[in-house]
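The values are calculated or read from the model by the stated rules, or taken from the named source; none is laboratory data. What you see is a predicted model, and the numbers here were worked out from it, not measured in a lab. Reconstructed Cβ throughout: ideal geometry from the backbone, glycine too, with neighbour counts over all protein chains shown. Areas reflect the complete protein model, heavy atoms only, side chains present, ligands, DNA and RNA absent. Shrake-Rupley method; radii C 1.70, N 1.55, O 1.52, S 1.80 Å.
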Amino acid sequence: MARGAAPRDRAHAEPEKLAIFGGTPVLAPGSHRAWPIVTDDERARVTRVLDRGVLSGPFAPESLALEAEFAKFVAAKHCLLSHCGTGALVMALAAAGVHAGDEVIVPAYSFVATPLAVAQIGAIPVFVDVEAETGCIDPSLIEAAITRRTRAIMPVHMHGCAADMAAILAVAHERGLLVVEDAAQAHGATFDGRPVGALGHAGGFSLQSSKNFAAGEGGLFVTNDAAVAAEANSIRNFGQDVTRADAASHDATRPLDGTRALDSQRVGSMYRGNEMMAAFARAQLARLPERTAALQRRAERLSAALGELQGVIPPRTPARRTSVHHKFRVHFDPAIAGVDLSPQRLRDVMILALRAEGLEVVLWQSVPLPAQKVFQRRDASTGFPHAAEGGADLAVNYDPARYPVTAKLLAGSVVLFSQSFPLIAQSDETVDGYIEAFRRVWHQRDALVEWTARQPS
Ligand SMILES: Cc1ncc(COP(=O)(O)O)c(C=O)c1O
């Protein structure tokens, strides 16, 4: 049952029948454009790689060119291609100086790759709650999570919105900690006008297919520190001594026969990318600024329209930061909406109603990261590192109940668009459809609430 909210945003006479009740959906099947968009440019560039016959290697030409172009794009001095974003983050953590047994402070809301990158090098992720409006780590809570084992803070620029880097870097500076940025979702987002990624000691981006900058799979490590870059390059190549000087002696007619000694200096792995990925990525990067600007205009228009609906809260980007809206999270407030449902039930019925109208609506994540089994079990058989003596009490830190902002955010919001059909790929007309569907559904929320009450719980 709906409580008596102001009727002005409720349905008046004869509203369009909602698709969930048998009406015609706002968006017909096939209205969404799949991502990434592949043009003749991508085809030509990948074909050139195949014709050239050099498919891989740390000094292969497409990879080197992509690294130079992306370094420029994010104003970083050094960039290295890797085969995925998680690999780039592992390289960033290890090269910056995080070791087994160290603790790394991460947000309780992210994709699991953030804490797993930490655990993969034998370090311990320690969770901190997030800002309600952005989902980025809440800098005011970091201090309380620092122990004598803490080595780094790993902010995530969630959904493409820059984290509060000034506050994070200030805590890190004060406490002598490293800052390693998970910029997997945030290609081109800025803090105080500076692109994120290399604002701290090192960072990593993802080129996985859903990302605004997509290459199927792939990752990009960035830093401004030459020593950190050299270390990351070694980690990327089995711990071998790999220097840019080797590039000069690279012989394109014998691309697999480099001059570097096969004598590993440290524990490393194989995190390199390949030439098809790099060529595809270069074509995407050439269009990224223009596509990002169009996406930001669409996101603003969508936010403005949804913000007019009482109790619908679109993403808001705080001052000093920009967002590239990789994901578009919309919150519902039942009290403001005058709806007598829990946030979760309102969210769930909105998902059903909006999907029926043809919209892509997903939860993406549904619980704070520490609730995932790997962190609840944390035994050696799962690959979880041995907890550090004198460090955080993980039984306490991994209690999901300690992350009320993350839990509330997840219970009361949805992500519009999806991995296969992200906002960056959609036309203005499709976004208009989202606005119309939202208005139609929201104006008839009383009917949805009544329908929900009749459903078996
Ligand atoms: C926040 C975040 N971190 C890390 C990753 C890992 O990137 P990848 O899938 O390229 O390894 C992703 C995306 O998948 C992500 O969204």
* Asked: Among the residues of the stretch 91-110, is any within 13 Å of the ligand (Cβ to nearest atom), free of Cβ contacts under 8 Å to residues at least 40 places away in the same chain and crowded, with 21+ Cβ neighbours inside 10 Å?
  -> no
* Asked: Among all residue pairs at least 6 apart or on different chains, which show Cβ distances below 6 Å where the first residue, located in the stretch 356-383, is in contact (Cβ under 8 Å) with a residue 60 or more places away in the chain and the second is in a helix (DSSP H, G or I) and among the charged types (D, E, K, R)?
  -> none
* Which residue, of ASP251, ASP241, ASP246, is charged (D, E, K, R), away from the ligand (no atom under 16 Å from the Cβ) and not in a loop (DSSP other than H, G, I, E, B)? -> ASP246
* Is it the case that the stretch 265-273 has a residue that's away from the ligand (no atom under 16 Å from the Cβ) and surrounded by 23 or more Cβ atoms within 10 Å (Cβ to Cβ)? -> no
* Within the stretch 15-64, work out how many residues are surrounded by 14 or more Cβ atoms within 10 Å (Cβ to Cβ) and among the hydroxyl-bearing types (Ser, Thr, Tyr). => 3
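Run down GLU133, GLU143 and say which single residue is away from the ligand (no atom under 13 Å from the Cβ), surrounded by fewer than 21 Cβ atoms within 10 Å (Cβ to Cβ) and either closer than 22 Å to ARG329 by Cβ or at pLDDT below 95 (or both). Break it down into steps so the answer makes sense when it comes.
On the way: GLU143 fails: either closer than 22 Å to ARG329 by Cβ or at pLDDT below 95 (or both).
That would be GLU133, the only listed residue that is away from the ligand (no atom under 13 Å from the Cβ), surrounded by fewer than 21 Cβ atoms within 10 Å (Cβ to Cβ) and either closer than 22 Å to ARG329 by Cβ or at pLDDT below 95 (or both).
Results for (1) modelled with pLDDT of 95 or more; (2) more than 18 Å from the chain's Cα centre (by Cα), shown as yes or no for each residue.
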residue	(1), (2)
ALA60	no, yes
VAL74	yes, no
GLU103	yes, yes
PHE111	yes, no
ALA123	yes, yes
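So how many residues does the stretch 280-304 have that are open to solvent by 10 Å² or more (accessible area, probe 1.4 Å), of a type outside the set (S, T, N, Q) and over 30 Å from ARG45 (Cα atoms)? Talk me through it step by step, then tell me what you get.
Step one: list which residues in the stretch 280-304 are open to solvent by 10 Å² or more (accessible area, probe 1.4 Å), which gives 280, 282, 285-287, 289-294, 296-298, 300-301, 303-304.
Filter again for of a type outside the set (S, T, N, Q), leaving 280, 282, 285-287, 289-291, 293-294, 297-298, 300-301, 304.
In the following step, the residues that additionally are over 30 Å from ARG45 (Cα atoms) were identified as 300-301, 304.
Residues that pass the stated criteria total 3.
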* Asked: What are the residue pairs meeting all of these: first residue in the stretch 188-205, first residue open to solvent by 30 Å² or more (accessible area, probe 1.4 Å), second residue in a loop (DSSP other than H, G, I, E, B) and more than 16 Å from the ligand (Cβ to nearest atom), Cβ atoms under 7 Å, and 6 or more apart or on different chains?
  -> ASP192/ARG320; ARG194/ALA75; HIS201/ASP225
* Count - residues of the stretch 310-341 that are closer than 20 Å to LYS211 by Cβ, of a type in the set (D, E, K, R) and in a loop (DSSP other than H, G, I, E, B) -> 1
* Considering only the stretch 64-90, state which residues are part of a helix (DSSP H, G or I), of a type outside the set (Lys, Arg) and away from the ligand (no atom under 16 Å from the Cβ). => LEU64, ALA65, GLU67, ALA68, GLU69, ALA71, PHE73
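Just give me the residues in the stretch 430-442 being open to solvent by 50 Å² or more (accessible area, probe 1.4 Å) and touching a residue at least 60 places away in the same chain (Cβ under 8 Å), in sequence order.
If we filter the stretch 430-442 for residues that are open to solvent by 50 Å² or more (accessible area, probe 1.4 Å), which is where we start, we get 432, 436, 439.
Hits for the stretch 430-442 are GLU436, ARG439.
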* under 27 Å from the mean Cα position of the chain (by Cα), outside any helix (DSSP H, G or I) and surrounded by fewer than 20 Cβ atoms within 10 Å (Cβ to Cβ) - does that describe any residue in the stretch 443-457? -> no
* Structure fact -> Selection from the stretch 333-350 of residues open to solvent by less than 10 Å² (accessible area, probe 1.4 Å) and out of contact with any Lys or Arg (no Cβ under 7 Å at 6 or more places or on another chain) yields LEU346, VAL349, MET350
* Of the residues in the stretch 365-378, how many are open to solvent by 50 Å² or more (accessible area, probe 1.4 Å) and either among the acidic types (Asp, Glu) or at pLDDT 95 or above (or both)? -> 5
* To do: For the stretch 206-223, name all the residues that are in contact with a Lys or Arg (Cβ under 8 Å, 6 or more places away or on another chain) and either more than 13 Å from PHE70 (Cα to Cα) or near the ligand (Cβ under 9 Å from one of its atoms) (or both).
  => ASN212
